[in-house]
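One structure is given below, encoded as structure tokens.
Bear in mind that the values in this text are calculations on the coordinates, not laboratory data. Only a predicted model underlies this, so the values are computations on that prediction, with no experimental measurement involved. Virtual Cβ from ideal backbone geometry, glycine too; neighbours counted across all protein chains shown.
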Amino acid sequence: MQSQVLLSLIVPFYNAADYFAQLLASVETQLTDAVQVVLVCDGATDNSLELAQQHIATSAKPGSYLLLEQPNSGVSVARNLGIAHSTGCYIGFLDADDVILPGYMAQLLHVITQHQPDLIEIGYKRFSDISALPTARPHYMRHKAGKHKVSAVATAVFQSNRWFPWLRIYRKAIAPDFNFPSGIAFCEDVMAVPTLYQQAFQLFHLRLPLYGYREHSSSASFNVKPEQQQQLQQFITGLQQGTFYPAIPARWRNILLLNLAYLFYSLQLNNPAVKALPVAFEQQFRTLLKQLWLTPGFSLRKKLTLAFASHFFHKNRLRQS
């Protein structure tokens, strides 16, 4: 591998054998000496680790891979271990059950060498069946392609509320101590990624679908445990009190708070075991809305839902009965 690696891609994996080979194949076909791939086994108990070992052994560029192992500690700790061992000037993240699309590495390396931005955002496609990827609809952030001052587009980023780590690549020098919160397995991205927009000055938006995001019932988005909801509620409270993101601009904080409150409401709504919205949650929503009702960039429908959360929750339960 050449002395300077431009891009390190961190890939945590845990019991990902069903889809892992598809990701590794998509990486292998694009790999260059300028890219380091850090595979982090998070105590997998299936044959994921063996798949990674076999892939590296048969790779045309085995020196471009670094395989790390740790006891099962969660995706945040695994990503942090990968960051600590990365050698690239830029860092990106891949999920083990996803794929990168044609042009991913070439486009990123071109932007890195030609523009050296602090952040690079990419487009993506959602899929459940990989055969449907070619015709899947692409998704992008709300701003135009090319260079932007982060201060000019960050509000739109917070409004979009898409904090997937794989959606952007960051220059390591702007956030040398960047880490994900340990012990958090749900919404760990929203508890970390906004930091990058605080630190960055210039952003480059690649308006191309370069990533394939797999949607399936076993993903973390569909399996939220009670303790994870409690962690989310604690984060919302800390964000309100300023203990989380103390230096974040007020407008960004307010949009983040409203989106998180709506997510928390949706989690209660989608849990059939919750028969009525807890009074404490409803009071927290109303207090938040009184403070932030005039915040732009958050839909009126969602504001009304939070303002009358108990009413809408009850109506939903009646329809289901």
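Simple spin-label estimate for A60 and H311 gives 6.3 nm between the two label positions (7 Å along the Cα-to-Cβ direction from each Cα). Is the chain best put as rounded, prolate or oblate by its Cα gyration tensor, with a ≥ b ≥ c the root eigenvalues, rounded for a/c under 1.5, and otherwise prolate when a/b is larger than b/c, oblate when not? Taking the square roots of the gyration eigenvalues as a ≥ b ≥ c, the chain is prolate. Can you give me the angle between helix 309-320 and the longest principal axis of the chain, using Cα atoms only, in degrees from 0 to 90, rounded to the nearest 10? Tilt of helix 309-320: around 80 degrees.
Would you mind checking which residues have amide H under 5 Å from V99's amide H? H placed 1.01 Å from N; only 5 or more apart, or other chain. So V99 has HN proximity to G212, R214.
A full extension of the chain between H85 and S128 corresponds to an added length of 12.3 nm, given 0.36 nm per residue minus the alpha carbon distance.
In order along segment 279-295, the Karplus-derived 3J(HN,Hα) couplings, from 6.51 cos²θ - 1.76 cosθ + 1.60 at θ = phi - 60°, round to 4, 4, 5, 4, 5, 5, 4, 5, 4, 5, 5, 4, 7, 10, 4, 8, 5 Hz, and Gly and Pro are given as x. Evaluated with a Cβ-only charge set (Lys, Arg +1; Asp, Glu -1), segment 214-321 carries a dipole of roughly 340 debye about its Cα centre, given to the nearest 20. Only Lys, Arg, Asp and Glu carry charge here, each on its Cβ (+1 for the first two, -1 for the last two); on that basis the chain has a dipole of about 1840 debye about its Cα centre.
In the structure displayed, which of K172/K302; K172/K290; K61/K147; K225/K303 lie more than 29 Å apart, Cα to Cα? From K172/K302; K172/K290; K61/K147; K225/K303, over 29 Å: K172/K302; K172/K290; K61/K147. Pairs of alpha-carbon atoms within less than 8 angstrom and 6+ residues apart define the contacts here; what relative contact order does segment 224-320 have, in percent? Result for segment 224-320 is 29 percent. Quick check: Cα centre of segment 102-158 to Cα centre of segment 19-91, how many Å? Between the Cα centres of segment 102-158 and segment 19-91 lies a distance of 22 Å. Charge dipole of segment 28-110 (Cα centre as origin; +1 on each Lys and Arg Cβ, -1 on each Asp and Glu Cβ, all else neutral): 280 debye, rounded to the nearest 20. Compared with the alpha-carbon gap, the fully stretched path from L269 to Q116 is longer by 50.7 nm at 0.36 nm per residue. All C-alpha to C-alpha distances of segment 141-186, sorted into 5 Å bins beginning at zero, yield P(r) values of 5, 14, 22, 27, 19, 9, 4, 0 percent in whole numbers. Helix 48-58: angle to the longest alpha-carbon principal axis of the chain, degrees 0 to 90, nearest 10? Value to nearest ten degrees: 30. Taking the C-alpha atoms only, the angle from helix 250-269 to the longest principal axis of the chain is near 80 degrees. Is segment 89-237 rounded, prolate or oblate when judged by the Cα gyration tensor, a ≥ b ≥ c being the square roots of its eigenvalues, rounded requiring a/c under 1.5 and prolate requiring a/b larger than b/c? Note, shape of segment 89-237 comes out oblate. Counted over the chain, the DSSP beta bridges are approximately 35% antiparallel.
Full extension of the chain segment joining A276 with N72 gains 69.9 nm, where the gain is 0.36 nm per residue of separation less the Cα-Cα distance.
Applying the Karplus relation 6.51 cos²θ - 1.76 cosθ + 1.60 with θ = phi - 60° to segment 73-78 yields 3J(HN,Hα) values of 10, x, 5, 5, 5, 5 Hz, where x marks Gly and Pro.
Quick check: from the Cα gyration tensor, does segment 45-101 come out rounded (a/c under 1.5), prolate or oblate? Verdict is rounded for segment 45-101. Enumerate the residues in segment 12-37 having an amide nitrogen under 20 Å from the point lying 7 Å beyond the Cα of A185 toward its Cβ. Counting only backbone N, you get 12-20. Picking from Y140, A52, L109, whose Cα lies most toward the positive end of the charge dipole for segment 27-142 (charges on Cβ: Lys, Arg +1; Asp, Glu -1)? My answer, from the dipole projection, is Y140.
Computed from backbone phi with θ = phi - 60° and the Karplus coefficients 6.51, -1.76 and 1.60, the 3J(HN,Hα) list for segment 83-96 is 4, 4, 9, 6, 10, x, 6, 10, 10, x, 10, 10, 9, 5 Hz; x is used for glycine and proline.
Helical runs (DSSP H, four residues minimum) scored at -39500 (n - 2.57) apiece and divided by the length of the chain put the mean residue ellipticity at 222 nm at -13000 deg cm²/dmol.
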